[in-house]
Amino acid sequence: MEIKRVGVAGCGLMGSGIAEVCARAGYEVVVREINEELLRAGLQRIDASMRKAVERGKLEAKEADQAKARITGTVDLDLFSHVDLVIEAIVENMEEKKKLFRELDRICPAHAIFASNTSSLSITEMASVTRRPEKFVGMHFFNPPPVMKLVEVVRGYLTSEETIATAKAFAESLGKTVVVTKDRPGFIVNLLLVPYLLDAIRALELGVATKEEIDTAVTLGLGHPMGPFTLLDFVGLDTTYYIAEAMYQEFKDPRFAAPPLLKQMVLAGHLGRKSGKGFYDYTAGGSG
Ligand code: 3HC
């Protein structure tokens, strides 16, 4: 099946990055947020990211303008009535996602494929509220989507081979490498990443070392681009908390249980870069 028009639901950290990547690959993109303020912030994030790509020589200024012109921002879901593929990147909450997909099932053409960028929730469960479970698939991008080369394509219980093939070909047309995984919370990457990030917080709680020392140990000792606390702030403490909770609910394995410090920081609104404070301070004059 040929994909020409893509609808991206959600213009947060992931949705804006996914919309940008699709537009840069030549697709017409409609990106929807729930209110004008969030939409404006998301579109500004896309602008800033493309500006950075131009500065770094990854993109011609003319191509950036053309890509921006292919993106329509909206708060109206009815604009998804002409899309061939929906990529959902809203909050990591099953009830919110089901509500959205029920609406999309009514609005979108019958041929449209539905993909969720969820990192931890069941594709099969989301698909169950639509009349197209065979056209429902997971497409899990990584932050920041314009830079990270991987997409996990997730096979729900009823996902057809044709849908897997279309999702795979689409992700490859964005310049991504695809791995296909089964519908099991965490898929491949988060199954390994989440216990590691939670263990770093537990190490901090135990007083093994400071956060700076743990980050330095991982960047220099393992060659990771970011240490666990820098990465937690980058991904978002709330997002990490939701993913860990979802995985803990599914597996009841203490490896996925959120440490008290993570929960406290989320409740305190210290969510990482996006809120200005997390394990580090990103406000002007903060310790960086
Ligand atoms: N568009 C295109 N390319 C860009 C870009 C953009 N907007 N921004 C940066 N780049 C390119 C740069 O040109 C550079 O390319 P080069 O190596 O060929 O020169 C490369 O990306 C690195 O950029 P910078 O040197 O500017 O470094 P930054 O500090 O801006 O960003 C980083 C670095 C890519 C974020 C790096 O620190 C990194 O890889 N961190 C780890 C990120 C990670 O692990 N992400 C996964 C999180 S887990 C997840 O998402 C799953 C979820 O479910 C939780």
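Each value in this text was obtained by applying a stated rule to the coordinates, not by laboratory testing. Because the structure is predicted, anything quoted here is derived from the model rather than measured. Glycine gets a Cβ as well: all are built from the backbone with ideal geometry, and neighbour counts include every protein chain shown.
Observations
- Residues that are away from the ligand (no atom under 16 Å from the Cβ), in contact (Cβ under 8 Å) with a residue 12 or more places away in the chain, outside any loop (DSSP other than H, G, I, E, B) and of a type outside the set (S, T, N, Q), drawn from the stretch 151-176: 155, 162, 164, 167, 168, 170
- Lone unmet requirement of (1) surrounded by fewer than 16 Cβ atoms within 10 Å (Cβ to Cβ); (2) within 15 Å of the ligand (Cβ to nearest atom) for residue 182: (2)
- Hits in the stretch 266-282 - residues which are of a type outside the set (Gly, Ala, Ser) and assigned to a helix (DSSP H, G or I): 266, 267, 273, 274
- Selection count, the stretch 104-125, where residues are closer than 13 Å to residue 157 by Cα and surrounded by fewer than 23 Cβ atoms within 10 Å (Cβ to Cβ): 3
- Breaking point among (1) assigned to a strand (DSSP E or B); (2) more than 21 Å from residue 175 (Cα to Cα), for residue 31: (2)
- When restricted to residues that are within 20 Å of residue 206 (Cα to Cα) and part of a helix (DSSP H, G or I), the stretch 241-265 contains 11.
- Among the criteria (1) surrounded by fewer than 23 Cβ atoms within 10 Å (Cβ to Cβ); (2) closer than 24 Å to residue 2 by Cα; (3) within 11 Å of the ligand (Cβ to nearest atom), the one residue 148 does not fulfil is (2).
- Any hit, the stretch 228-237, residues being within 30 Å of residue 123 (Cα to Cα), within 13 Å of the ligand (Cβ to nearest atom), surrounded by 14 or more Cβ atoms within 10 Å (Cβ to Cβ) and polar (S, T, N, Q): yes
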